[in-house]
Amino acid sequence: MDGISELLAGFAVALTLANLGYALIGTIVGTMIGVLPGIGPALTIALLLPLTYGLEPSGAFIMFAGIYYGAMYGGSTTSILLKTPGESGSIITAIDGNKMARAGRGAAALATAAIGSFLAGTIATGLLAVAAPRIVDLAVRLGAPDYLALMVLAFMCVGSLLGGSMLRGFASLGLGLAIGLVGIDFQSGQARLDFGLVRLLDGIDTVLLIVGLFAIGEVLYVAAHQQASTFGIASVAGQRWMTREDWRRSWKPWLRGTAIGFPLGTIPAGGSEVPTFLSYSLERRLSRRPEEFGNGAIEGVAGPEAANNANAAGALVPLLTLGIPTSATAAVILVAFQQYGIQPGPQLLDTEPALVWGLIASLFIGNAILLVLNLPLVGLWVKMLHIPKPYLYAGIGLFALVGAYAVNGSSFDVYLLLVVGVLGYFMRRFGFPIAPLIVGAILGPLAELQLRRALDIAGGDLTTLVSTPFTVAVYSLLVLVLCVPALLRLRTRRAQQAAGVPTPDRESSTV
Amino acid sequence: MRITRTGTIAAVLAALVATVSACGGGSAKGGGDQGAKQLARLNIIAPAAPGSGWDQTARAVQDSLQKADLARQVEVTNVPGASGTVALAQVAPQKGKKDLLIMSGLAMMSGVLTNGTDVTLDDLTPVARLIGEYETIVVPASSPYQKLDDLLAAIKADPKKVPIAGGSAGSADQIFIGLLAKEAGIDPAKVNYVPFSGGGEATTALLGNKVAAGVAGTGEFQEQVKAGKLRALVVSAAKPVESMPGVPTIADVGHPGVEFYNWRSIMAPNGLTAEQKKAYVDAVTAMHASDGWKTTLKERAWEDTFLAGDEFGTWLGQEQTRVSGVLTELGLVK
């Protein structure tokens, strides 16, 4: 899969007028569903499947790829401006991105997200084009113990999200872990915490949880505390996209986000959330101003946004080289292949070269379209905040409820969304951070699954958890990261005490 | 439950015999019923999300019925959740409701049993079994197991050491491994079955040599087998399967009684008049004979396991006995 000529041939396929049209439609639809809370790319592509039956396969896949990438772009917009993430991959973006928007730097946040997404998408697609077979050989070498190590690492981001009160932060995390348990236990087939409701057997959908806690919770909060909550936008007109300082602070997180997101996309270890969690905590660790995280650090937007786009490209590596889907959207694209009688597998490249290279080329094109589409829109999106609050929040509430209903066509989901929304309101009202709950609900079940799977495979032998070089490396790193700063602090404190300087308390904030 | 085991085995064997003969009868027919009356409007419930197996089958039925002019208008509604039991609970109470059909199958049967829901497949009227997918057992290319017997012997010697990747607990994959283990004299509950979520997870684990073997529908592994990355030890069919050339059948490996496939069917609510029921059976039988349906089967590589009306109902009872027997032994049904 490393032929430039094949890629050029792919561009020839993707650059026909009809296929460019499909790419444009796909990216626009993708951006729209990314903006709408609750409706994700997997569902959209699945709904479009019967409609594309008459299309040429290449045209359909080019459109699907546009939807996939477009949703990753669009998801960040509502996260940043309204603190209502539309997809699980943009939860983390809501934290610092929204703080930036409230401080009048919404345009910079949107621009760093868009450019970071473009850069990450382009680099990752390039890697997909030149190195897919080699990457996939490495990816399949990782097993359940390695995935567990990654999950443990991702849990570290909770530390950055706890907020001012450790007690409240951990209470939120614990609640999230409990919510993650709801439904049929995958490994034993036993129902847990279902309260006798058949509808709860599949668990509580993460997207519903996110939309409920963030969007509905926010709507209720604004409604209840109208006077107290203001956007505080000084002047949008004078806002510049990104200052020289913003560029300086963004480019490294973009590249690091890409480096995290792409490889994680190639392995079946959760969806697009895990790399965003990892990227966020990495940026906070590396930052010279960790106290800014949670208060509008641009790195906290740039890194995760690059990570979720690189992740989307990464997921295509095993799909196109082995026929293995590693994300929900990739699974639906696999079904689409089968609809055309194409069975993706190790031989897909030999049997359908025009299709695969056309798809890859269209990813480059889709990415460029998305950047062109999104950057000028930044100003327009920011103006959205000028809509009078009653209308704006009524709109958010409506879209959230319609989205929740549309996914399964079930009124139960709407009630569940409202219950979760009320929970979100009270958490905000009493100063409980929301992010740890969501991290717990997403990572808890994933970590449990990998832990039990690892132990099952090893016949219950605990040493399997540290049996590979990868796990040893990850856990060693973890110990270093956790212990070294503590030791350093201890030394500084001793030194300061010796010098008679009072130790300043670290500033912290609530998400 | 130990006391009933011999009884269960007898029932399972009876069911198997019936299955084999019913299969032959089903595929031998298919002449098509020209006398089928056109149905007016139909609503088919797909008891899973868009893009899922049930959804694809429902939409294929929709397409074929309309193309063959057997129904004027067909709509597909997705009611996903809990192995299809959410949809089942929604359709079953609408007794005597006209023009309402629901996709069903092995996964729903297993879901009813393992979730212990009050509404069961008995609350629906069987119309026809449509398609099926055979199961296959694979090992990594570098595996020491050359034949199914090698694998079974290793499981017998130390089941813990032979982790087998498959779908979720209670899935067709686990049911098949359970049936095979029982036949080979291994306690199904002792098999180290490691559930992976559908799609690529299990394949990834196999390609990375993380598990000893894998079990799934043939579609899941066929490309890896063709590429020589995985080796198929058996396919759960009595006769060779086109998509898995050269792979031993369940009869070849000496367990002809364990012929097994993950079937999908179409059903209606209870309380229909004999006339209504006949209209459905006629329409579906005519659809089965149509060119559109035949093309779809070929394109999607679905096995034709057509069996309609009362014959299907009888078979369903036997399958229920066999499935609940093995799920009980696996500890998934209490």
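The values are calculated or read from the model by the stated rules, or taken from the named source; none is laboratory data. Quantities reported herein were computed from a predicted structural model and do not represent experimental measurements. Neighbour counts run over all protein chains shown; Cβ positions are idealised from the backbone, glycine included. Quick note on the areas: whole protein, heavy atoms, side chains included, nothing else; ligands and nucleic acids left out. Shrake-Rupley method; radii C 1.70, N 1.55, O 1.52, S 1.80 Å.
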- Note on the structure: Matching residues in segment B:290-310 (away from chain A (no Cβ under 14 Å) and either outside any helix (DSSP H, G or I) or modelled with pLDDT of 90 or more (or both)) number 7
- Task: Inspect segment A:207-223 for any residue being small (Gly, Ala, Ser) and within 14 Å of another protein chain (Cβ to nearest Cβ) and give the result as yes or no.
- Result: no
- Task: Determine which member of the set A:131, A:171, A:120, A:139 is aliphatic (A, V, I, L, M) and at the interface with chain B (Cβ under 10 Å from one of its Cβ atoms).
- Result: A:139
- Task: Collect the residues in segment A:87-112 that are over 10 Å from the mean Cα position of the chain (by Cα), open to solvent by less than 10 Å² (accessible area, probe 1.4 Å) and of a type in the set (Gly, Ala, Ser), keeping them in residue-number order.
- Result: A:94, A:97, A:101, A:106, A:107, A:108, A:109, A:111
- Task: For residues that are surrounded by fewer than 24 Cβ atoms within 10 Å (Cβ to Cβ) and outside any helix (DSSP H, G or I), scanning just segment A:431-459, find the one that is farthest from the other protein chains (Cβ to nearest Cβ).
- Result: A:431
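State which residue is farthest from residue B:175 (Cα to Cα) when the search covers only segment A:185-196 and only residues that are within 10 Å of chain B (Cβ to nearest Cβ), in a loop (DSSP other than H, G, I, E, B) and not hydroxyl-bearing (Ser, Thr, Tyr).
A:194
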- Message: Among the residues that make up segment A:63-70, is at least one of them more than 30 Å from residue A:392 (Cα to Cα) and more than 23 Å from the chain's Cα centre (by Cα)?
- Response: no
- Message: Among (1) buried (at least 21 other Cβ atoms within 10 Å of the Cβ); (2) without any contact (Cβ under 8 Å) to a residue 24 or more places away in the chain; (3) part of a helix (DSSP H, G or I), there is one condition residue A:137 misses while meeting the rest; what is its number?
- Response: (1)
- Looking only at segment B:85-100, which residues are open to solvent by 10 Å² or more (accessible area, probe 1.4 Å), within 14 Å of chain A (Cβ to nearest Cβ) and out of contact with any Asp or Glu (no Cβ under 9 Å at 6 or more places or on another chain)? B:90
- Item | Residue, farthest from residue B:132 (Cα to Cα), within segment B:53-84, restricted to residues that are of a type in the set (Ser, Thr, Tyr) and open to solvent by less than 30 Å² (accessible area, probe 1.4 Å) | B:64
- Query: Hey, residue B:201 hits all of (1) touching a residue at least 40 places away in the same chain (Cβ under 8 Å); (2) open to solvent by 20 Å² or more (accessible area, probe 1.4 Å); (3) acidic (Asp, Glu) but one; which does it fall short on?
  - Reply: (1)
- Of the listed residues (B:56, B:73, B:90), the one being in a helix (DSSP H, G or I) and either farther than 23 Å from residue A:191 by Cα or not assigned by TED's automatic domain parsing to the domain that holds residue B:280 (or both) is B:56
- Test residue A:374 against the criterion of being open to solvent by less than 20 Å² (accessible area, probe 1.4 Å), at pLDDT below 85 and part of a helix (DSSP H, G or I), and give yes or no. yes
- Query: How many residues does segment A:336-366 hold that are open to solvent by 20 Å² or more (accessible area, probe 1.4 Å) and within 7 Å of chain B (Cβ to nearest Cβ)?
  - Reply: 5
- Query: Would you call residue A:246 under 24 Å from residue A:442 (Cβ atoms) and modelled with pLDDT of 80 or more?
  - Reply: no
- Message: Suppose we keep only residues that are part of a helix (DSSP H, G or I) and either at pLDDT 90 or above or out of contact with any Gly (no Cβ under 8 Å at 6 or more places or on another chain) (or both) within segment A:262-274. Which one would you say is nearest to the other protein chains (Cβ to nearest Cβ)?
- Response: A:274
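To keep it simple, each residue is scored yes or no on (1) under 21 Å from residue A:185 (Cβ atoms); (2) under 19 Å from the mean Cα position of the chain (by Cα); (3) of a type in the set (Ser, Thr, Tyr).
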{"site": "B:151", "(1), (2), (3)": "no, no, no"}
{"site": "B:165", "(1), (2), (3)": "yes, yes, no"}
{"site": "B:169", "(1), (2), (3)": "yes, yes, no"}
{"site": "B:179", "(1), (2), (3)": "no, yes, no"}
{"site": "B:194", "(1), (2), (3)": "yes, no, no"}
{"site": "B:206", "(1), (2), (3)": "no, no, no"}
- segment A:49-73: number of residues that are modelled with pLDDT under 85, under 19 Å from residue A:355 (Cα atoms) and surrounded by fewer than 24 Cβ atoms within 10 Å (Cβ to Cβ): 7
- Query: Hey, does segment B:101-108 have a residue that's in contact (Cβ under 8 Å) with a residue 60 or more places away in the chain and either within 10 Å of another protein chain (Cβ to nearest Cβ) or surrounded by fewer than 24 Cβ atoms within 10 Å (Cβ to Cβ) (or both)?
  - Reply: yes
